[in-house]
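Structure record follows, encoded as structure tokens.
The values are calculated or read from the model by the stated rules, or taken from the named source; none is laboratory data. Keep in mind the model is a prediction, meaning the values are calculated, not measured. In this analysis, Cβ positions are derived from the backbone assuming ideal geometry, glycine residues included, and neighbour counts consider all displayed protein chains. For accessibility, only protein heavy atoms count, side chains too; no ligands or nucleic acids. Shrake-Rupley method; radii C 1.70, N 1.55, O 1.52, S 1.80 Å.
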Amino acid sequence: MASSLARIVALFFPIPLTSDMQGHTPRRRFGQNFLADPHYIRRIIDAVDPRPGEALVEIGPGLGALTADLIARVGHLHAVEIDRDLAARLRERFNAAQLSLFEGDALHFDFARLSAALSAPLRIVGNLPYNISSPLLFHLAADTASLRDLHVMLQKEVVARMTAAPSTPDYGRLSVMLQAKFAITRLLVVPPGAFTPAPKVDSAVARLTPLGAQAPQLDNEPLFARLVSAAFAQRRKTLRNALAACCAPDDLRAAGIDPQARGENLAVEDFVRLTHEVSKVRD
Ligand code: SAM
């Protein structure tokens, strides 16, 4: 009887209205899928391995699934949360000695300024809202000097694109733009059942470590970004055609690139060489 009642309730309320979410109704527009499985929470915290006194920042703490354990290890945590109701709950649960909470959009948050204020490169952690994952990663990649590392949970497919090698189906703009700045490793896969409400797809946690001195020297980042975008705008086009508006076939040859190749065949270093070549021609 009790179980058939539960089934009827589940039918009408597919998102469980349980104490898991402490009465909070998840907001789809903020990508709210809350981690609920202690096994995965522990594995993520262990992967981050926070140490006391580090400049640790959580993006989107939500109901605090990771927050409490991060604070327990680091002492003091910084966090950015866009949802006003969740921010109010977090302020009730954690005191100012434990948590500095910035209420607002992580896409507009000045991470470099926080790093300067703390005189330390930031460690960023986040079970990221999937609807803004790429722009958020680009925002963070804009200034890697203020970052020590990132541990982010994203859709598994997005992590596959971030880590893909040239000439594979997942290789694209996201792979090139992020691999030009970070060493990226997939650490673990997290199934939908680990979240409330459950997303439709698997998730994965990735570690991104800035390449620092190993990063390719890019004097003209906007041009690099334009060339990469154009090369992947229509994947099946040859570079001769895809890049016709940016450079001539001779520029491609001068960079050691076959104009008949496609964007997906070029490694990050090829795009870097091409950027230098096109910059020279324009100067
Ligand atoms: N960290 C929690 C967890 O693992 O259960 C929540 C993760 S939930 C996938 C994403 C969180 O990011 C939510 O708390 C959401 O309100 C917050 N969020 C969404 N968009 C945001 C933005 N632009 N800036 C900051 N936080 C955002």
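General observations
- For segment 55-71, the count of residues that are open to solvent by 30 Å² or more (accessible area, probe 1.4 Å), in contact with a strand residue (DSSP E or B) (Cβ under 9 Å, 6 or more places away or on another chain) and away from the ligand (no atom under 11 Å from the Cβ) is zero.
- Segment 128-143 residues that are closer than 13 Å to L154 by Cβ and polar (S, T, N, Q), paired with ones that are within 12 Å of the ligand (Cβ to nearest atom) and open to solvent by less than 60 Å² (accessible area, probe 1.4 Å) (beta carbon under 7 Å, 6 or more apart): N131/G31; S133/L154
- Only one of the listed residues (A230, A204) is in contact with a Leu (Cβ under 8 Å, 6 or more places away or on another chain) and in a strand (DSSP E or B). That residue is A204.
- Residues in segment 103-129 that are within 13 Å of the ligand (Cβ to nearest atom), surrounded by fewer than 18 Cβ atoms within 10 Å (Cβ to Cβ) and not in a loop (DSSP other than H, G, I, E, B): E103, L107, H108.
- Count of segment 233-243 residues, restricted to those that are part of a loop (DSSP other than H, G, I, E, B) and open to solvent by 20 Å² or more (accessible area, probe 1.4 Å), is 4.
- Considering segment 72-97, the residues that are within 14 Å of the ligand (Cβ to nearest atom) and of a type in the set (V, I, T) include one that is surrounded by the fewest Cβ atoms within 10 Å (Cβ to Cβ), namely I82.
- Options S133, S175, S100, S167; residue that is surrounded by 16 or more Cβ atoms within 10 Å (Cβ to Cβ), away from the ligand (no atom under 13 Å from the Cβ) and among the polar types (S, T, N, Q): S175
- Positions within segment 109-121 being under 12 Å from I59 (Cα atoms) and of a type outside the set (F, W, Y), in sequence order: none
- You will find that of A254, A194, A231, A164, the residue that is within 15 Å of V272 (Cβ to Cβ) and in contact with a Phe, Trp or Tyr (Cβ under 8 Å, 6 or more places away or on another chain) is A231 and no other.
This table checks each residue for (1) under 29 Å from P61 (Cβ atoms); (2) of a type outside the set (S, T, Y).
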{"site": "T144", "(1), (2)": "yes, no"}
{"site": "M153", "(1), (2)": "yes, yes"}
{"site": "V158", "(1), (2)": "yes, yes"}
{"site": "V189", "(1), (2)": "yes, yes"}
{"site": "A194", "(1), (2)": "yes, yes"}
{"site": "V201", "(1), (2)": "yes, yes"}
{"site": "R207", "(1), (2)": "yes, yes"}
{"site": "A215", "(1), (2)": "no, yes"}
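- Sole exception among (1) at pLDDT 95 or above; (2) under 24 Å from K280 (Cβ atoms); (3) out of contact with any Pro (no Cβ under 6 Å at 6 or more places or on another chain) for C246, by number: (1)
- Qualifying positions in segment 256-274 - touching a helix residue (DSSP H, G or I) at 6+ places or on another chain (Cβ under 6 Å) and more than 20 Å from A165 (Cβ to Cβ): P259
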